[in-house]
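Just so you know, all these numbers are worked out from the coordinates, no wet-lab data involved. Note that the coordinates shown come from a computational prediction; the quantities given were computed from them, not determined experimentally. Positions of Cβ are generated from backbone atoms using ideal geometry, with glycine treated the same way; all protein chains shown enter the neighbour counts.
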Amino acid sequence: MTTSIIKKAVFPAAGFGTRFLPATKAIPKEMLPLVDKPLIQYGVEEAKASGLSEIIIVTGMGKTAIEDHFDTSFELEKLLQEKEKFELLKMIENVSGLVHFAYTRQKKPLGLGHAILITKNLINNEPFAVFLGDDIIDAKVPAMKQMIEVHDKYKSTVLAVQKVPKNQAHLYGVIKGKKVAPGVYKVLDLVEKPKNPPSNLAIIGRYILTPGIFPALEKTQPGSGGEIQLTDALKILISTQDIYAYEFEGSRYDAGDKLGFLKANVSLALKRPELRAEFKKFLKGLKL
Ligand code: UTP
């Protein structure tokens, strides 16, 4: 377990999830199941495995299922106990006992940057982690744990990046960086959804931010889509603080997108010992 000073993880989860309509009309995107766990649980488990102990979830309208999911369910636990379904009981208790949860509500979805800004009073002037729950990272060493090691060495902001095909870079925030160690870049510039990407290193949904991000977010004007963009605040921050990018080791799925969600389900199901053989047989039988 890490002895890093980073203990808090923010999960912005107040977006509308429009790429997944109509499924996300009444069900939060974060609660869509990947095999048998909601999307957000993968991120929370990664946070716990990275030594983080306090989870702050930014919720919004229609997101109460997230709070219910991480709460204890007395009636369900009693029923499983009575029916002697101890395996299931343990699984349910594990979910509610994962870590300490706090919730704050973003009244209007004014952007990712705004969702982070409203956690200012819960953060207390410490560096903290941010997880975008859509980005599922399957890795031997949890991706956030890898990033915490980089943070503890450079004591500054760390952005997760991944090489993407050049023709897809315009869909992401992209960095221009100078390599300073294996997998580590000093960020020289960053651009949200660039027409001419300065590299193929795309920013992925894991960040370690310093408290300096809050005054930068306060100065940030609404940008693309009328939203307060985190990338714009990072551009302000870079004039006063070093920012590093880290190319983590692991496979990443954008589960907030239909195709990415399907790929994640197939890959993660094939890793489950109880499903693997039968599911593989089924996939082979599709004769694609
Ligand atoms: P996305 O761009 O993925 O937006 O936000 P979204 O609304 O969830 O999904 P689409 O694009 O419409 O399908 C990135 C992250 O920031 C959060 C989202 O919940 C997601 O985790 N977010 C976005 C907020 O918490 N508040 C906002 O105002 C905007």
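Per-structure values
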| quantity | calculated |
| --- | --- |
| Ranked list, fewest to most other Cβ atoms within 10 Å of each Cβ, for Phe86, Phe16, Phe70, Phe261 | Phe86, Phe16, Phe70, Phe261 |
| Nearest-20 debye value, region 160-288 charge dipole, Cβ charges on Lys, Arg, Asp, Glu | 780 debye |
| Cα-based shape type of region 91-249, given that a ≥ b ≥ c are square roots of the gyration tensor eigenvalues and the cut on a/c is 1.5 | rounded |
| Lys163/Ser73 FRET efficiency (R0 41 Å; Cβ-Cβ; nearest 0.05) | 0.45 |
| FRET efficiency, 1/(1 + (r/R0)^6) with R0 30 Å, evaluated for Leu259 and Glu87 via beta carbons | 0.35 |
| Longest segment of the chain lacking GluC sites (Glu not before Pro) that sit in a DSSP loop with at most 11 other Cβ atoms within 10 Å | 85-273 |
| Nearest-20 debye value, the chain charge dipole, Cβ charges on Lys, Arg, Asp, Glu | 1060 debye |
| Charge dipole magnitude, Cβ of K and R +1, D and E -1 - region 1-75, Cα centre, debye nearest 20 | 340 debye |
| Cα convex hull of region 1-124 - mean projected area over all directions, nm² | 9.0 nm² |
| Most mobile listed residue (Gly225, Gly177, Gly256) in the chain, GNM with C-alpha springs under 10 Å | Gly225 |
| Debye-sum result for region 158-243 in log10 I(q)/I(0), which assumes one identical scatterer on each alpha carbon, at q = 0.14, 0.22 Å⁻¹ | -0.46, -1.12 |
| Relative pair counts by distance (%), Cα atoms of region 30-77, 5 Å bins | 5, 17, 26, 26, 20, 6, 0 |
| Kirkwood-based Rg to Rh ratio, region 188-288, C-alpha trace | 1.14 |
